[in-house]
Amino acid sequence: MIDRPLTQHLRQDGSPVFMTDYRGGGGYEGLRRVLADSSPEDCLQQVKDSRLRGRGGAGFPTGMKWSFVPMGEKAGVGPKYLIANADEMEPGTFKDRIILEQDPHQLIEGMILASYALQANVAYIFLRGEYTVAAERIETAIKECYSAGYLGENIQGSGYSLELHLHRSAGRYICGEETALISALEGKRANPRPKPPFPQVSGLWGRPTIVNNVETLCNITHILTHGAQWYQSLGIGQDSGTKLFGASGNVNNPGCWELPMGTPIREILEQHAGGMREGYTLRGFLPGGGSTDFLTPDHLDLAMDYDVIGKAGSRMGTGTMIILDDRHCPIAMVRNLSHFFAQESCGFCTPCRDGIPWIVQLLDRFESGQATEADLALLEEKARFIGGMGNTHCALAPGAMEPVTSALKYFRDDFERHIHDGRCHYHSDVGGR
């Protein structure tokens, strides 16, 4: 039985796996068996039993999310939709891109199976606009599926039909939020929507809709092919399955690896990422992309799973770590991230639209040596307010403040030294200016 299902088809040279080779490796066998032998209810129960949690960052149980979709007569008249969130714009995150470019059929098979379980007849891949290589390869794979009878009317003689479309986003970070993504897909401004109603009941064009991350949907094929117990056995911690973990920064081997859920952080950084480059010492890291709280070398022996990282005061997020070393300024790093989030705000609510640029201005004062103790107190106060859940319309601003508030917690000496010495002691281009 395979223990690295998500990356089993990937090639060393990064070339894509298309229909012939994908089927040669067992691809679409699971789909044929499920359509012939399993009901949508059976599929949903398998996903629930697998304890799969969403891989987009929030970690919500996938089967539970699906169970909120009305079935049968409760769904009313009209289509139901499945959307793959491929708008991968989280800083430091590149895990979905690997699958999209190198193994697009894995995503498509997972989407067909998920759509069957939900009894959805229309599906979309909402793709980040900059992923041009992925777009070309997904389009090729979709055409292959229609030609082979895996998409369209009466798939494999099962009586089930599905239309799958690729939508190339105009590109905004906020489109990663599922209701903003739905608004954009409808041709509207990408503003998040109030909840309730939740998309599972009233989503795309007012119809029941599920939005799942690319990596989440890729797991569906393997769960329904090999079973929930097998999937649970892949994890070595509290969570099931494997995960695409990554690391970027001054490590010897930056990259992305499929590893069991619960793999210790130390193993990821020291064995797979090859440890710190010569002359650099680990000072901290963002464990799940740019919108997570810093952790420090004291946390290296923690397991990378949702609850453990949460209890440590951060979030596992996308599982792709951004490394801070001792030769780069933590203030410049969070300033750079804050500048990104300020640009990406949809502008709907004041704390996000005006508050994050204010944070950038305060961080600029520290970097230019003009900050005072009053600026430090103001930065702490405003970051806490902007980062407070419920103070903004969606989670963009709270996520943007996580690196800031945790930098104030772990690297306060740097802020104070910038004030007292009137300059930054680091020689770094991390500030992005």
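Quick note: the coordinates plus some simple rules give every number you see, no bench work behind them. Please read all numbers here as calculations on a predicted model, not as lab measurements. FYI the Cβ positions are ideal-geometry reconstructions off the backbone, even for glycines, and counts take in every protein chain you see.
Between the beta carbons of Met64 and Gln271, assuming R0 = 35 Å, the FRET efficiency works out to 0.55 to the nearest 0.05. Subtracting the Cα-Cα distance of Met389 and Ile2 from 0.36 nm times their residue separation leaves 135.3 nm of extension gain. For segment 254-281 versus segment 346-377, the inter-centroid distance based on Cα atoms is 33 Å. Estimated purely from DSSP H runs of n ≥ 4, each contributing -39500 (n - 2.57), the mean residue ellipticity at 222 nm for the chain is -12000 deg cm²/dmol once divided by its residues.
With Cβ to Cβ distances under 12 Å as the rule, what net charge do the other residues near Pro79 carry (K, R +1; D, E -1)? Residues near Pro79 contribute +1 overall.
Just to confirm the filter: which trypsin sites (Lys or Arg not before Pro) across segment 1-63 are DSSP coil and have at most 14 other Cβ within 10 angstrom of their Cβ? Sparse-neighbourhood loop trypsin sites (Lys or Arg not before Pro): Arg11. Only lysine pairs 8 or more places apart or on separate chains count here, and in the chain those with Cα atoms under 27 Å apart total 27. Students often get this wrong: which residues of segment 300-340 have the backbone nitrogen under 11 Å from the point 7 angstrom along Cα-to-C-beta of Arg417? Backbone N within reach: 326-331.
Count Lys and Arg as plus one, Asp and Glu as minus one, and take only other residues whose Cβ is under 12 Å from that of Arg168; the net charge is then -3. What the phi angles of segment 180-194 give under the Karplus curve with 6.51, -1.76 and 1.60, with θ = phi - 60°, is a coupling list of 5, 4, 4, 4, 5, 5, 7, x, 9, 4, 7, 9, x, 9, x Hz, glycine and proline written as x. Under a model in which nothing but the beta-carbon of Lys, Arg (+1) and Asp, Glu (-1) is charged, segment 330-421 shows a dipole of about 260 debye around its Cα centre. Cα centroids of segment 129-150 and segment 34-81: 24 Å apart.
Evaluated with a Cβ-only charge set (Lys, Arg +1; Asp, Glu -1), segment 292-348 carries a dipole of roughly 220 debye about its Cα centre, given to the nearest 20.
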